[in-house]
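Here's the structure, in structure tokens; my notes come after.
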Amino acid sequence: MSLDLSAFTPLAALAGGALIGLAAVLLVLFNGRIAGISGIVAALLPPRLQRGAWRLAFVLGLLAAPWIYQWFAPLPAASSSAAWPLLVLAGLLVGIGTRLGSGCTSGHGVCGLSRLSLRSLVATLVFMATGFATVFVVRHLL
């Protein structure tokens, strides 16, 4: 196994993690809401359409972040060898898993664990174990 040190960016990862944590803390402090992205987005869509300009502002902020980032540094190249139908299927499966798991990685892994939620701990362990198993199967068995 080789390590691509050009992709090793601990300071960028630290800054990104700190910003995610700060956003989660500010949303709880000023709005009393958990920063679970799937719940925020789901509340913007029918049939669960709910009031709350903060939801729209939060999602627009997520979408605007790469655009703002590129003012300061070039965006990394994004590429995938997977076909579009496979990517769409993967996205749908993630959405189904999010509904079955009552939340996404941001809700359980960032906010739930910080609140010492046992349900979030179990969900995060399942997310991680599934990811490890998927990588093992794809890299070593297929």
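For the reader, a short list of remarks on this structure follows.
- Cα→Cβ-extended label distance, 7 Å offset, between Asn31 and Leu60, nm: 1.2 nm
- Ranked by how many other beta carbons lie within 10 Å on average, peptides 37-50, 6-19, 71-84 from highest: 37-50, 6-19, 71-84
- Cα centre as origin, Lys/Arg/Asp/Glu Cβ charges: the chain dipole, Debye: 520 debye
- Segment Leu121-Trp67, length gained on full extension (0.36 nm per residue, minus Cα span): 16.1 nm
- Shape of segment 84-142, Cα gyration tensor, a/c cut at 1.5: oblate
- Note on the chain: with neighbouring protein chains present and a 1.4 Å probe, carbon and sulfur make up 74 percent of its accessible heavy-atom surface.
The values are calculated or read from the model by the stated rules, or taken from the named source; none is laboratory data. As the structure is a prediction and not an experimental result, all values here were calculated from the model. Neighbour counts run over all protein chains shown; Cβ positions are idealised from the backbone, glycine included. With ligands, DNA and RNA removed, areas are computed over all heavy atoms of the protein, side chains included. Shrake-Rupley method; radii C 1.70, N 1.55, O 1.52, S 1.80 Å.
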